[in-house]
Amino acid sequence: MEKKSKKKFISTLVIFSLVGQIAWVVENMYFNVFIYNMFGASSDDISLMVALSAVTATLTTLLIGALSDKLGKRKVFIFGGYILWGISILGFALVRQDIIGAIFPAAVSVSAICVTIAIILDCVMTFFGSSANDACFNAWLTDTTTSENRGSAEGINAMMPLVAILVVFGGAMLIPLEQTEKNYWTIIFSIIGGVVILIGILGIFLIEEPKIEITENKSYFGNIIYGFRPSVIKKNPMLYIYLILFTVFGISIQIFMPYLIIYYERGLQMSNYVFIMAPAIVLASVFTAIWGKMYDKLKFKLSVLPCVVLLALGYIILFVFKHSALVFIGSLLMMCGYLSGMAVFGAVIRDNIPQNKSGMFQGLRIVGQVLIPGVIGPYIGSFILRNAKQELINGQITFIPNENIFLGALIVDIALIIGLGILFFVKGKKNEKN
């Protein structure tokens, strides 16, 4: 890339990846806290919301990814999607007991209605977010990178969730979200929604449309199911193997992630968890950016194993210990493994996507990254927490997450390590024969 073009590309990548991830962090980590603190949501409510959001994200990415390939357009879906995404986030500011109670004055449980509305609105928000980010921004990133710089770009992209967590945690630290007497959540949703809308408008001027070969000879439905055809699987076997392994990785993460902040706040009684998590997030972000570049040099085998081992070590420490210093160390190792693993798997999957078909394969990627982990992982976590301690919080009887969610995640991560070992052993034997 020319120097000026490279700077513009990096700026676009950082801005849209970061703001998109901030919106996803609010959804993936704080919507759970929102319906838990404000309406006494159960673990089944939380797992249902995550599962329905995952299904919505998958269907959206399949449909919009294929449509963007068919039209040969990415830009309009990105900036338009971000604007609508922000508007839908603003809608959550209206999900309040006083407003919903006024609309349904005869309701037996206003809290239950609020939870239901929040779940539905979450699916609406996910549709716009997945159209803009999962389907088209990720396709744009594949279109505008090559095998020479994809690891570096993916390293930047993969560290953004941690940076987003830091930004959101920092904001949450200033606002007592556990209080119900004042609607502090309205402030959060208004700020995040407004920022996403502004970034969408900025995209009109910042995003450059990549050159895409328009698949005029292909039907739209054919584009949607393209990645699931047996003939395509046969031509690209390693892509699907990497996706399966990525799916197992994602299941491990989703066992604990929907309950993580609630575990810190309620399970460990850490009112200062932001101060513990912030340094861990900064260090893990730096590690992830560096490790993304290591993928370009080491490639998949040598770069993925340290990620899954770090993840396992983090799980073990978080399961065994509850002291703040050790929780910090466990969280740091877990986050380093999580985000660096996302970077490595993301890069190797992009490297194996056929040229000019990145939009078609975003739906397939989201099945492995979001749908299956988002459905299976939270329900495993909910099953693990089925007998968790219960307490009266804000007038609602709610469950208290415990450390067993990390044990469940560890077991799945060990299965992933075994799967990787089998893959490398088989590939090694094939190379010896050749």
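Structure notes:
- Degrees separating the helix 43-71 axis from the principal Cα axis of the chain, which is the longest one: 30
- Highest mobility in the GNM of the chain, judged by mean-square fluctuation with C-alpha springs under 10 Å and restricted to Leu260, Leu407, Leu198, is found for Leu198.
- Rounded tilt (10° steps) of 3-25 against the dominant C-alpha axis of the chain: 40
- Relative compactness, the chain, computed as alpha-carbon Rg over 2.2 N^0.38 Å: 0.96
- Over the range 274-343, equivalent-ellipsoid semi-axes from the Cα gyration tensor in Å: 23, 13, 6
- Solution diffusion estimate, µm²/s, Stokes-Einstein, the range 241-318, Kirkwood Rh from C-alpha pairs, 20 °C, viscosity 1.002 mPa s: 148
- For the peptides 11-23, 102-114, 78-90, the ranking by packing is 78-90, 11-23, 102-114, with the highest mean count of neighbouring Cβ atoms within 10 Å listed first.
- Over 29 Å (Cα to Cα) - which of Lys293/Lys427; Lys70/Lys430; Lys211/Lys235; Lys70/Lys235; Lys297/Lys430; Lys211/Lys430 fall in this group: Lys70/Lys430; Lys211/Lys430
- Expected 222 nm ellipticity per residue - DSSP helices of 4 or more, -39500 (n - 2.57), all of the chain, to 500: -25000 deg cm²/dmol
- Formal net charge of residues neighbouring Phe77 (Cβ-Cβ distance under 15 Å; K, R +1; D, E -1): -1
- Basic side chains Lys and Arg get +1 at the Cβ, acidic Asp and Glu get -1 at the Cβ, and with that the dipole of the chain about its Cα centre reaches some 1540 debye.
- Taking the square roots of five times each eigenvalue of the Cα gyration tensor of the range 1-147, the equivalent ellipsoid has semi-axes of 35, 15, 13 Å, listed largest first.
- Between the helical axis of 273-320 and the longest alpha-carbon principal axis of the chain there is an angle of about 10 degrees.
- Note: relative contact order over the chain, using C-alpha pairs below 8 Å and six or more positions apart, is 29 percent.
Values in this text are rule-based calculations from the coordinates and carry no lab data. Given the structure is predicted, the values throughout are model-derived calculations rather than measurements. Because the Cβ atoms are built from the backbone with ideal geometry, glycine has one as well, and the counts that use them run over all protein chains shown.
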